[in-house]
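Novice: Can you read through this structure? Questions will come right after.
The values are calculated or read from the model by the stated rules, or taken from the named source; none is laboratory data. Note that this is a predicted model, so its numbers are computed, not measured. Neighbour counts run over all protein chains shown; Cβ positions are idealised from the backbone, glycine included.
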Amino acid sequence: MAFQNPSDAELRKLFTTMRRIAVVGLSPKTDRPSFRVSKQMQGWGFDIVPVRPLVQSVLGQPAYAQLEDVPGTVDLVNLFRNAAEVDAVVDSAIAIKAPAIWIQQGIVNEAAAERARAAGLLVVMDRCVMVDYARLRA
């Protein structure tokens, strides 16, 4: 059976409960989609936590090398990495007990998405969190 994303009702519930988003692969380059999406989500009031090795900070927030290094809880793991790297990020999201993972538009790894779902995470794949939040927040 092909992967299916959560319903709009499930996404609305996620958007009303999440506040802290760990963004794996958040680039400090302003022309990158990860930067633009995260900056907009930050502008809408979400706490953005950059997860990217070898970077000190992005969007005025300290960056962490991996999800396991992020202090405190994370409400959503937003993933901007290629499909081959999704498996490792899913493992980390499960390890930190994140309630949800958002695999950004253009990134598909059905086996990893199903594994995350089987571990109890809400999983969104091949969609843009910024676009869906803008569409559903009204």
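Novice: Sort through Pro99, Pro33 and tell me the only one that's out of contact with any Pro (no Cβ under 6 Å at 6 or more places or on another chain), modelled with pLDDT of 95 or more and farther than 18 Å from Phe15 by Cα. Show your work before the answer.
Specialist: Numbers: Pro99 fails: farther than 18 Å from Phe15 by Cα.
Answer to the check: Pro33.
Novice: Further question on the same structure: Does Phe35 meet the test of being aromatic (Phe, Trp, Tyr), crowded, with 22+ Cβ neighbours inside 10 Å and under 14 Å from the mean Cα position of the chain (by Cα)? So that I can check it myself, show each step before the final result.
Specialist: Details: aromatic (Phe, Trp, Tyr): yes; crowded, with 22+ Cβ neighbours inside 10 Å: no; under 14 Å from the mean Cα position of the chain (by Cα): yes.
The answer is no for Phe35.
Novice: Looking at Val77, is it closer than 23 Å to Phe35 by Cβ, in contact with a Pro (Cβ under 7 Å, 6 or more places away or on another chain) and in contact (Cβ under 8 Å) with a residue 40 or more places away in the chain?
Specialist: On the way: closer than 23 Å to Phe35 by Cβ: yes; in contact with a Pro (Cβ under 7 Å, 6 or more places away or on another chain): no; in contact (Cβ under 8 Å) with a residue 40 or more places away in the chain: yes.
No.
Novice: Give the residues of region 49-65 that are surrounded by fewer than 16 Cβ atoms within 10 Å (Cβ to Cβ), part of a loop (DSSP other than H, G, I, E, B) and either in contact (Cβ under 8 Å) with a residue 12 or more places away in the chain or of a type in the set (S, T, N, Q) (or both), sorted by residue number. Step through it out loud before you land on a result.
Specialist: From region 49-65, those surrounded by fewer than 16 Cβ atoms within 10 Å (Cβ to Cβ) are 53-57, 60-62, 65; that's our starting set.
Still in the list and also part of a loop (DSSP other than H, G, I, E, B): 53-56, 60, 65.
Listed by number, the residues that qualify are Pro53, Val55, Gln56, Ala65.
Novice: Output the number of residues of region 88-112 satisfying the condition of being assigned to a helix (DSSP H, G or I) and surrounded by 14 or more Cβ atoms within 10 Å (Cβ to Cβ). Explain how you work it out, then say what you get.
Specialist: At the first step, the residues of region 88-112 found to be assigned to a helix (DSSP H, G or I) are 88-95, 110-112.
Still in the running and surrounded by 14 or more Cβ atoms within 10 Å (Cβ to Cβ): 88-94, 110, 112.
Final tally of qualifying residues: 9.
Novice: Is it fair to say Val49 is modelled with pLDDT of 95 or more, within 23 Å of Ala112 (Cβ to Cβ), in contact with a helix residue (DSSP H, G or I) (Cβ under 8 Å, 6 or more places away or on another chain) and not charged (D, E, K, R)?
Specialist: On the way: modelled with pLDDT of 95 or more: yes; within 23 Å of Ala112 (Cβ to Cβ): yes; in contact with a helix residue (DSSP H, G or I) (Cβ under 8 Å, 6 or more places away or on another chain): no; not charged (D, E, K, R): yes.
Judged against the criteria, Val49 is not a match.
Novice: Let me confirm something: among Ser38, Ser57, Ser92, Ser27, which residue is farther than 16 Å from Met125 by Cβ, small (Gly, Ala, Ser) and in contact with a strand residue (DSSP E or B) (Cβ under 6 Å, 6 or more places away or on another chain)? Outline the logic, then answer.
Specialist: On the way: Ser57 fails: in contact with a strand residue (DSSP E or B) (Cβ under 6 Å, 6 or more places away or on another chain); Ser92 fails: in contact with a strand residue (DSSP E or B) (Cβ under 6 Å, 6 or more places away or on another chain); Ser27 fails: in contact with a strand residue (DSSP E or B) (Cβ under 6 Å, 6 or more places away or on another chain).
Answer to the selection: Ser38.
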